[in-house]
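Peer 1: Below are the structure tokens for one structure; questions will follow.
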């Protein structure tokens with residue numbers, strides 16, 4: 001079941017300066033209580049997917065999900081009351097063209113990110129690329145409710 005889909009804004013540090021504050025696309029799916037076809041339960045039933053908000057042009061001071069992933073995960077867990085031990089965190093980077101004539105290409109990628117959780121904070125992110133099968137499953141979920 002989809003629990004959230006939309007633009008998520010997080011606060012930064014430094015009071016009024018709001019250092020490293022920003023926004024991202026966020027999808028949260030909760031599969032708790034649902035069974036897979038083979039009658040197995042999900043070990044991590046919460047799926048959180050984040051992606052940078054598409055930009056029309058670069059802007060000074062913008063931060064990416066990659067640069068603030070621990071802070072974003074901490075904020076999402078706090079704001080949505082999620083159990084981080086039951087959550088799978090996914091970073092999605094869509095296919096991107098760049099260069100003067102868009103002649104260069106960076107293929108779409110999904111990264112599963114694990115954290116060490118301490119006192120409610122996501123620390124020491126460790127990324128690993130999602131398997132092709134996992135990437136297809138995530139892509140399918142996003143297509144069902146793409147923004």
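The values are calculated or read from the model by the stated rules, or taken from the named source; none is laboratory data. The model shown is predicted, which means the values in this text are computed figures rather than measured ones. Here the Cβ is made from the backbone with ideal geometry for all residues, glycine too, and neighbour counts use every protein chain on show.
Peer 1: Would you point out the residue of the range 2-20, among those that are farther than 23 Å from residue 140 by Cα and in contact with a strand residue (DSSP E or B) (Cβ under 9 Å, 6 or more places away or on another chain), that is modelled with the highest pLDDT? Quick ask: steps written out before the conclusion?
Peer 2: Residues of the range 2-20 farther than 23 Å from residue 140 by Cα: 9-20.
In the following step, the residues that additionally are in contact with a strand residue (DSSP E or B) (Cβ under 9 Å, 6 or more places away or on another chain) were identified as 9-10, 12-13, 19-20.
On the way: 9: 92, 10: 87, 12: 74, 13: 72, 19: 72, 20: 74.
Applying the filter and picking the extreme gives 9.
Peer 1: Looking at (1) surrounded by fewer than 18 Cβ atoms within 10 Å (Cβ to Cβ); (2) touching a helix residue (DSSP H, G or I) at 6+ places or on another chain (Cβ under 7 Å); (3) modelled with pLDDT under 95, can you tell me which one residue 65 breaks?
Peer 2: (1)
Peer 1: Moving on to the next point. Considering only the range 21-36, how many residues are surrounded by 13 or more Cβ atoms within 10 Å (Cβ to Cβ) and at pLDDT below 75?
Peer 2: Number satisfying all stated conditions: 0.
Peer 1: A further question on this structure: Return the pair list, or none, for Cβ contacts closer than 6 Å from residues in the range 101-124 that are on the phi < 0 side of the Ramachandran plot and at pLDDT below 95 to residues that are surrounded by 10 or more Cβ atoms within 10 Å (Cβ to Cβ) and assigned to a strand (DSSP E or B), at least 6 apart or on different chains.
Peer 2: 104/98; 105/97; 106/96
Peer 1: Before we move on, is residue 113 under 18 Å from residue 44 (Cβ atoms), in contact with a strand residue (DSSP E or B) (Cβ under 7 Å, 6 or more places away or on another chain) and in a helix (DSSP H, G or I)? Outline the logic, then answer.
Peer 2: On the way: under 18 Å from residue 44 (Cβ atoms): yes; in contact with a strand residue (DSSP E or B) (Cβ under 7 Å, 6 or more places away or on another chain): yes; in a helix (DSSP H, G or I): no.
So residue 113 does not fit the description; no.
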